[in-house]
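Engineer: To start, I am sharing the structure in question, which I have written as structure tokens.
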Amino acid sequence: MANAKKYILTGVILGSIAAVSAGLIALTNLISKDKIRQNELNKINAGIKEIFGDEASVRSSKDLEGHQYTVLLYEIENDKKEFLGYAFKSDGSNMYGKISLISGFDGVSHNFMSLYMVTNEQTYASTLVENYISPLNKEERQLEDVNCGATYGAKLVRDMVNEASEVAKELWK
């Protein structure tokens, strides 16, 4: 009988600890989820300005479905409300981590302009940025040239940009 009380008391204590912990996690999520979302929107807007220039802003956005990586479409305009092009948000992951990026396409020539990393959780994140993303944005590297020391990350980025390019081509038809 004494052992039964001990086991019941241990179960009640552990259950109480679990319930309090779950409550604290839920409270933390409730407090921080809006701030996390706002930080992501700020990064997206910063990326759009970096790709299209400081005068760029989002005219409209649209969720995209049916694509492996491309999840959002942004129509970009300048201060004069002139169409500048499209930006696409793409999300992807591989065995080395997650990547979220914005790729920009010019509204006149319909060509890929550059990209901006929103999230880079790759194991070799700095190698990917230094040896692939930065040279790609400076037009010192071709999109298809993925041998950079972080080849799997570069292949993921290449595939994400290529898919966004295909979606852009469909919009201009």
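Engineer: For residues that are free of Cβ contacts under 8 Å to residues at least 40 places away in the same chain and β-branched (Val, Ile, Thr), tally how many sit in the range 134-173.
Structural biologist: Adding up the residues that qualify gives 2.
Engineer: Let me ask another. How about the range 127-146: which of its residues are loosely packed, with under 12 Cβ neighbours inside 10 Å and either in contact with a His (Cβ under 6 Å, 6 or more places away or on another chain) or farther than 16 Å from residue 160 by Cα (or both)?
Structural biologist: 138, 139, 140 - these are the residues of the range 127-146 that are loosely packed, with under 12 Cβ neighbours inside 10 Å and either in contact with a His (Cβ under 6 Å, 6 or more places away or on another chain) or farther than 16 Å from residue 160 by Cα (or both).
Engineer: Another one. Which members of the range 60-80 meet the condition of being of a type outside the set (Asp, Glu) and out of contact with any Lys or Arg (no Cβ under 8 Å at 6 or more places or on another chain)?
Structural biologist: 60, 61, 62, 64, 66, 67, 68, 69, 78, 80
Engineer: Continuing with the same structure: Return yes or no: is residue 47 closer than 30 Å to residue 114 by Cβ and either loosely packed, with under 10 Cβ neighbours inside 10 Å or of a type outside the set (Val, Ile, Thr) (or both)?
Structural biologist: yes
Engineer: Among what's in the range 101-126 and is within 22 Å of residue 173 (Cα to Cα) and among the aromatic types (Phe, Trp, Tyr), pick the residue that is surrounded by the most Cβ atoms within 10 Å (Cβ to Cβ).
Structural biologist: Only one residue fits best here, namely 105.
Engineer: Could you list, in sequence order, all residues of the range 62-85 that are under 16 Å from the mean Cα position of the chain (by Cα), surrounded by 11 or more Cβ atoms within 10 Å (Cβ to Cβ) and without any contact (Cβ under 8 Å) to a residue 40 or more places away in the chain?
Structural biologist: Across the range 62-85, the qualifying residues are 71, 72, 74.
Engineer: Let me ask another. Can you tell me which condition residue 109 does not meet? The list is (1) under 21 Å from residue 138 (Cβ atoms); (2) touching a helix residue (DSSP H, G or I) at 6+ places or on another chain (Cβ under 7 Å), and all the others hold.
Structural biologist: It fails just one condition, (2).
Engineer: Still on this structure: Looking at (1) within 18 Å of the chain's Cα centre (by Cα); (2) exposed (fewer than 10 other Cβ atoms within 10 Å of the Cβ), which one does residue 42 not meet, given that it meets all the others?
Structural biologist: It fails just one condition, (2).
Engineer: Among 122, 142, which is of a type in the set (S, T, N, Q) and under 15 Å from the mean Cα position of the chain (by Cα)?
Structural biologist: Residue meeting the stated conditions: 122.
Yes or no, residue by residue, for (1) of a type outside the set (D, E, K, R); (2) part of a strand (DSSP E or B):
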| residue | (1), (2) |
| --- | --- |
| 81 | no, no |
| 88 | yes, yes |
| 98 | no, yes |
| 126 | yes, no |
| 131 | yes, no |
| 136 | yes, no |
| 140 | no, no |
| 154 | yes, no |
| 173 | no, no |
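Engineer: Which is among the small types (Gly, Ala, Ser), modelled with pLDDT under 95 and touching a strand residue (DSSP E or B) at 6+ places or on another chain (Cβ under 7 Å), of 92, 107?
Structural biologist: 107
The values are calculated or read from the model by the stated rules, or taken from the named source; none is laboratory data. From a predicted model like this one, the values you see are computed outputs, not experimental measurements. Cβ sites come from the backbone with ideal geometry, for glycine too, and all protein chains shown count toward neighbours.
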